[in-house]
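The structure appears below as structure tokens.
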Amino acid sequence: MDTAPLKKDSQPAAATEQDIELVEMVHSLLLQNDLASPRFFEMLGRLEKRHGGGVYVELLFILSHLRFTPEEARRHWDAIQKHRSTMRDKLQTAVDLRVALVSYFLEINKKLTNPKVIELTLFAQTQASAYRDELTGLCNFRYFRDHLAREIHRSERFGHPVSLVMVDIDDFKHFNDTNGHEAGNQALAEVARLLIESLRKIDVAARYGGEEFAIILPSTSKSAAIKIAERARRRIESHAFKHASDQPGGRLTVSMGVASHPADAGDGTDLVNHADSALYVSKTLGKNQVHPFSQSRRSFGRVDAAVEGRFAAVSEKVHPLRTINIGPAGVLFRTNQRISSGTVLQLQLSLPGSVHEISLAGEVIRVNEKPRGHFETALKILHMPPADRFLLNDFIEASGVAGESDASSAPDSEGDAGRQS
């Protein structure tokens, strides 16, 4: 139902401030039920138990195009219910919710001045198009943009990180040119489905544009985001796409870039740019991989220290290690496992004198084979929780930080593990 221009106090907030799942459930409830039946109100009550007063915000917006706060919506809903009961008693017949709502806002509350009836099915289709990409079924760019802003706000309010993964299909122009746009559209839809199947319920996947996708990972550190992204990448790599054999390498694959707030960016714009920058690195390093955002900085001091710990790649198989030296930006350690450069590892280290392990994520930048099947591995630190970084810095200071001249004992050049992201 459309209306005349609304008064200032009833101006609708941006549609993307709604939870998309709740909006779609309310649409479904309205479309599939008789709005005068007890069953409709019973199901609405169940929906309220799961989602709270936001149910009435969306319900009233769909039926009247008036936007209220949850408290206002609940107050109006209760008044509409009372008005509907009064109408039912006078008319001696069941009263459709929409009839009671129009009567209430026209005659009692007088929020509507020029109502217009709209078919609910058509309205639902229009609303859905505001949130969903028609081809893939993922959230569209508009929803992504505003949802990311909300997650950044929540991150700052509650102190939880939020990560972003940018995804691009490798050599997609070649796929389209070779197999046609219809096959390309089918591949886009399949990639979207595989992404969704690889994510958690709290994650939001969106079609960013063309063959590029974006994934918002709420309350997720960079190291955890890398694991989620790698899981999705492997799933796509192993999927039997039609015409995939025509691609370079004989497979349809994706490249991904990962960045996190607040570790890498202070706002949504920078977060997108940095994740996109990491995606570009994935492309230049050979495609079909996940790369975290990093910024080159000068080498930091480090101390010689034999710290016991363990590490795991994205496969999550755990291996022991012993550090040779360690600094705020990098770790040199010895292990009996050969690890490829570019691999992202999650390390757990037991610092002497501390009852707590510290956790960090880093990228392998150099591996030197040593006698008796050992490998010296240089790791650039990509992410570390603030509390763990404090413990590490405290340990380094207590151990006697080596100066810049001591950097000769650590990995050197731009591949130096002491150059932090």
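Does any residue of region 230-237 turn out to be among the small types (Gly, Ala, Ser), outside any helix (DSSP H, G or I), under 22 Å from GLY342 (Cα atoms) and assigned by TED's automatic domain parsing to the domain that holds SER277? Full working, then the answer.
First, pick out the residues of region 230-237 that are among the small types (Gly, Ala, Ser): 232.
Still in the list and also outside any helix (DSSP H, G or I): none.
Taking every residue of region 230-237 in turn, none turns out to be among the small types (Gly, Ala, Ser), outside any helix (DSSP H, G or I), under 22 Å from GLY342 (Cα atoms) and assigned by TED's automatic domain parsing to the domain that holds SER277.
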Of everything in region 27-53, what is of a type outside the set (S, T, N, Q) and exposed (fewer than 13 other Cβ atoms within 10 Å of the Cβ)? Give them in sequence order.
LEU31, ASP34, PRO38, ARG39, GLU42, GLY45, ARG46, LYS49, ARG50
In region 238-263, the residues that are touching a residue at least 24 places away in the same chain (Cβ under 8 Å) and part of a helix (DSSP H, G or I):
ASP246, PRO248, GLY249
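Does ALA206 count as within 12 Å of VAL167 (Cβ to Cβ), of a type in the set (A, V, I, L, M) and not in a helix (DSSP H, G or I)?
Numbers: within 12 Å of VAL167 (Cβ to Cβ): yes; of a type in the set (A, V, I, L, M): yes; not in a helix (DSSP H, G or I): yes.
So ALA206 passes the test.
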In region 10-32, is there at least one residue being within 30 Å of the chain's Cα centre (by Cα), modelled with pLDDT under 70, within 28 Å of PHE144 (Cα to Cα) and among the hydroxyl-bearing types (Ser, Thr, Tyr)?
yes
For region 341-388, what are the residues that are closer than 21 Å to ILE226 by Cα and not in a strand (DSSP E or B)?
SER341, GLY342, THR343, MET384, PRO385, PRO386, ALA387, ASP388
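Scan region 264-289 residue by residue and report those that are part of a helix (DSSP H, G or I), of a type in the set (S, T, N, Q) and either modelled with pLDDT of 90 or more or in contact with an Asp or Glu (Cβ under 6 Å, 6 or more places away or on another chain) (or both). First the steps, then the outcome.
Residues of region 264-289 part of a helix (DSSP H, G or I): 268-284.
Filter once more, keeping what is of a type in the set (S, T, N, Q): 269, 273, 277, 282, 284.
Within region 264-289, THR269, ASN273 meet the criteria.
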Within region 58-111, the residues that are surrounded by fewer than 19 Cβ atoms within 10 Å (Cβ to Cβ) and either of a type in the set (S, T, N, Q) or outside the structural domain of LEU47 (by TED's automatic domain parsing) (or both) are THR69, GLN81, SER85, THR86, GLN92, THR93, SER103, ASN109
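Working only within region 348-401, note down all residues that are on the phi > 0 side of the Ramachandran plot and of a type in the set (D, E, K, R).
Our first condition is that a residue be on the phi > 0 side of the Ramachandran plot; within region 348-401, this holds for 353, 372-373, 400.
ARG372, the sole residue that qualifies.
Run down LEU360, LEU379, LEU351, LEU391 and say which single residue is closer than 14 Å to GLY327 by Cα and at pLDDT 90 or above.
Working: LEU360 fails: at pLDDT 90 or above; LEU351 fails: at pLDDT 90 or above; LEU391 fails: at pLDDT 90 or above.
Exactly one of LEU360, LEU379, LEU351, LEU391 is closer than 14 Å to GLY327 by Cα and at pLDDT 90 or above, namely LEU379.
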Give the residue, chosen from SER260, SER238, SER245, that is buried (at least 20 other Cβ atoms within 10 Å of the Cβ) and of a type in the set (Gly, Ala, Ser).
SER260
Modelled with pLDDT under 85, more than 34 Å from the chain's Cα centre (by Cα), aliphatic (A, V, I, L, M) and exposed (fewer than 13 other Cβ atoms within 10 Å of the Cβ), is that true of VAL117?
yes
Restricting the search to region 235-278, which residues are β-branched (Val, Ile, Thr) and in contact with a His (Cβ under 9 Å, 6 or more places away or on another chain)?
VAL258
Only one of VAL401, VAL314 is modelled with pLDDT under 75, within 30 Å of GLY159 (Cβ to Cβ), touching an Asp or Glu at 6+ places or on another chain (Cβ under 6 Å) and among the aliphatic types (A, V, I, L, M). Can you tell me which?
VAL314
Being of a type in the set (Lys, Arg), at pLDDT 85 or above, in a strand (DSSP E or B) and not assigned by TED's automatic domain parsing to the domain that holds ASN288 narrows ARG334, ARG338 down to just ARG334
Which number in (1) within 15 Å of VAL165 (Cβ to Cβ); (2) at pLDDT 95 or above; (3) in a helix (DSSP H, G or I); (4) among the hydrophobic types (A, V, I, L, M, F, W, C) marks the one condition that ILE215 misses?
(3)
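The values are calculated or read from the model by the stated rules, or taken from the named source; none is laboratory data. Computed from a predicted structure; not experimentally measured. Note: ideal-geometry Cβ built from the backbone for every residue, glycine included; neighbour counts use all protein chains shown.
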